[in-house]
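Asks: Have a look at this one.
The values are calculated or read from the model by the stated rules, or taken from the named source; none is laboratory data. Being a predicted model, the structure only gives us computed values, none of them experimental. Using ideal geometry, Cβ is built from the backbone for each residue, glycine included, and neighbour counts are taken over all protein chains shown. Side chains included, ligands, DNA and RNA excluded: accessible areas come from the protein's heavy atoms. Shrake-Rupley method; radii C 1.70, N 1.55, O 1.52, S 1.80 Å.
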Amino acid sequence: MVEVVTSEAMLRNRVASQSALPKFDQTVLGKRDCGLAVLEVALRKDGELLHASILEAPTAAIGDQVRLAVSHWRFKPIQDERMFILKGKLSFYLIKEQSAVTTVNPEEVGFIGTCSSPSTI
């Protein structure tokens, strides 16, 4: 089976339905104002999510929550005769706002700059 790597925008366009993005309390980012979680996902042609692996996250707990949220998403089937797996990355920004941390995808906020005290799991 061939793996076809695609862009984040193309993967997001394949989303048929999704549960709400994960919500975190204000302590989740610690002293940071924001954070970034990046997952690598692989989809079958029928839209089934084969796996979602954390590539980057401020903490393991944040990565686990984001991966859990994406595991509930449903993707549109791909109409193509070839046998392949669609593979790519999905990014989520976590932004501390007063008493809560909001999780957004890059298309909602555009470029937000760098976060203070970045870390990777």
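Asks: Quick one: net charge around Arg67, please, counting Lys, Arg +1 and Asp, Glu -1 for every other residue with C-beta under 14 Å from its C-beta.
Replies: Once positives and negatives cancel, what remains is -2.
Asks: Could you check how much of the accessible area of the stretch 1-108 is carbon and sulfur, as a whole percent, using a 1.4 Å probe?
Replies: 51
Asks: Residues with beta-carbon under 10 Å from that of Val38, excluding Val38: net charge, scoring Lys, Arg +1 and Asp, Glu -1? It would help to have the intermediate numbers written out before the result.
Replies: Working: positive: Lys89; negative: Glu8, Glu40, Glu56.
That sum, taken over residues with Cβ under 10 Å, equals -2.
Asks: Quote the FRET efficiency, to the nearest 0.05, computed for Ser17 versus Glu81 with a Förster distance R0 of 25 Å and r equal to the Cβ-Cβ distance.
Replies: Efficiency for this residue pair is about 0.45.
Asks: Roughly what would the spin-label model give for Met10 and Leu49, points 7 Å off Cα along C-beta, in nm?
Replies: 2.0
Asks: Under a plain spin-label model, where a point goes 7 Å from the Cα along Cα-to-Cβ, how far apart in nm are Glu3 and Ala60?
Replies: 2.3
Asks: Continuing with this model, one more query. Tell me, what is the FRET efficiency for Glu40 and Gln98 to the nearest 0.05, using R0 = 30 angstrom and their Cβ-Cβ distance as r? Before the final figure, lay out the partial values.
Replies: Values: r = 32 Å, r/R0 = 1.07.
Efficiency for this residue pair is about 0.40.
Asks: Probe of 1.4 angstrom, ligands and nucleic acids ignored: what's the accessible area per residue over the stretch 1-40, in square angstrom?
Replies: Computed with neighbouring chains in place, this is 60 Å² per residue.
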